[in-house]
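These notes concern the structure reproduced below.
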Amino acid sequence: MKIEGKSYKTIWFENNLVKIIDQTKLPHQFVIKDLKTVKDSINAIKTMEVRGAPLIGATAAYGLVLSIIENNDLSFLKKSSEKLIASRPTAINLKWAVDRMMKKLNGINEEDILKIALNEAKAIKEEDEVFCKNIGLNGLKIIEEISKKKKDTVNILTHCNAGWLATIDWGTATSPIYHAHQKGIKVHVWVDETRPRNQGANLTSYELNEEGISNTVITDNAGGILMQRGQVDMCIVGTDRTLSNGDVCNKIGTYLKALSAKDNNVPFYVALPSSTIDWSIKDHKQIPIEERNSEELSHVEGIDENNEIKKIRIYPQKSKSLNLAFDVTPAKLVTGLITEKGICEASEKGLKGLFK
Ligand code: MRU
């Protein structure tokens, strides 16, 4: 998608370097950063210079490419893969991408390994782009239907950033919105601010603005009243890990939106590429929920009237805080899963129907 009219992807490989858009600087500064080593990749994932399930998967894949360039040694590569998987615990795409790379590289000789690693990382990247595009074309049908019935602007609520910045391009939750906009359907997006890191306000609103899509940032607690007032036609969110029973683990606060949507008969859709499905665990209590630094809660960052980025504390130093980064929305609250292969019920039967 575009920034100031120019098309970008979120990650690319150039002159033996991995290039990323540093998302910790958005929306106030647009900075392209070079990742030179596997350590840089791990750090970019941990500090959330790159974030969003599909994008951290692709960054980890390219991290292994950098690991080979740095030191073409099998034990170094294995250590790199373990560190990459451990860099963030919740999104399954990270492990999925590293496992896929390691499987491909298994038994390959030193001369060929870099070329094969590069091809596989590129394949992961390009596949995600196609999958997200198809998620959009599938989700478009739902928006089209609502638009036909309503004969007015379709109001869509989204949480966090499951936009193109969280993927390679298109996004998951935003892809149907981009496709609808490109088709001339009138859409307006309620953007949950998404405390504490404000990915909604900082990233989703930013990328929708750049594409000329009408959007309004709301506090995380405003979705309920908007739904009661009939001002939300549907919700679309992303996911970091979807279980085979249709339970969905996504950014903290997603569950509360789903409860509110259920209470108000608002359709609640989850958009995902198949790389986000974890077929291996059956119980959501087994999902490792990331707990991040409490400073993300106690401090906020913004730009002042002199265009200077400032970080300030917002509550007493003595106060304790708990910064859980994700929650689980049970399948019973999910109207449907929008995937690259089609839309299905949030259940084992639904998912297995699409992904044999
Ligand atoms: O902590 P983040 O910013 O990486 O969390 C991102 C989300 O929760 C997204 O909704 C999810 O990764 C889906 S991305 C298409």
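The values are calculated or read from the model by the stated rules, or taken from the named source; none is laboratory data. Note that the structure is predicted; figures quoted are calculated from it, not measured. Neighbour counts run over all protein chains shown; Cβ positions are idealised from the backbone, glycine included. Just so you know, the surface numbers come from the protein's heavy atoms only, side chains and all, with ligands and any DNA or RNA stripped out. Shrake-Rupley method; radii C 1.70, N 1.55, O 1.52, S 1.80 Å.
Here are some notes:
- Pairs meeting the criteria (first residue in the range 66-92 and under 20 Å from ALA325 (Cα atoms), second residue of a type in the set (Asp, Glu), beta carbons under 6 Å, at least 6 apart or on different chains) are PRO89/GLU290; THR90/ASP240; THR90/GLU290; ALA91/ASP240; ILE92/ASP278.
- Flag for LEU337 being in contact (Cβ under 8 Å) with a residue 12 or more places away in the chain, open to solvent by 90 Å² or more (accessible area, probe 1.4 Å), not hydroxyl-bearing (Ser, Thr, Tyr) and not assigned by TED's automatic domain parsing to the domain that holds LYS95: no
- Pick from the range 175-197, criterion within 10 Å of the ligand (Cβ to nearest atom) and of a type in the set (S, T, N, Q), ranking: surrounded by the fewest Cβ atoms within 10 Å (Cβ to Cβ): THR194
- For the range 171-200, filtering for residues that are within 17 Å of GLU145 (Cβ to Cβ) and of a type in the set (A, V, I, L, M, F, W, C) leaves 4.
- Hits in the range 46-69 - residues which are part of a helix (DSSP H, G or I), open to solvent by 10 Å² or more (accessible area, probe 1.4 Å) and either among the charged types (D, E, K, R) or within 16 Å of the ligand (Cβ to nearest atom) (or both): LYS46, PRO54
- Flag if GLU144 is under 21 Å from VAL266 (Cβ atoms), surrounded by fewer than 21 Cβ atoms within 10 Å (Cβ to Cβ) and of a type outside the set (Gly, Ala, Ser): yes
- Filter pass, VAL31 being free of Cβ contacts under 8 Å to residues at least 60 places away in the same chain and open to solvent by 10 Å² or more (accessible area, probe 1.4 Å): yes
- Scanning the range 208-245 for residues that are of a type outside the set (A, V, I, L, M) and either surrounded by 24 or more Cβ atoms within 10 Å (Cβ to Cβ) or assigned to a strand (DSSP E or B) (or both) yields SER214, ASN215, THR216, GLY223, CYS235, GLY238, THR239, ASP240, ARG241, THR242.
- One residue stands out among those in the range 252-268 that are within 13 Å of the ligand (Cβ to nearest atom) and open to solvent by 20 Å² or more (accessible area, probe 1.4 Å): the one that is nearest to the chain's Cα centre (by Cα), which is ILE252.
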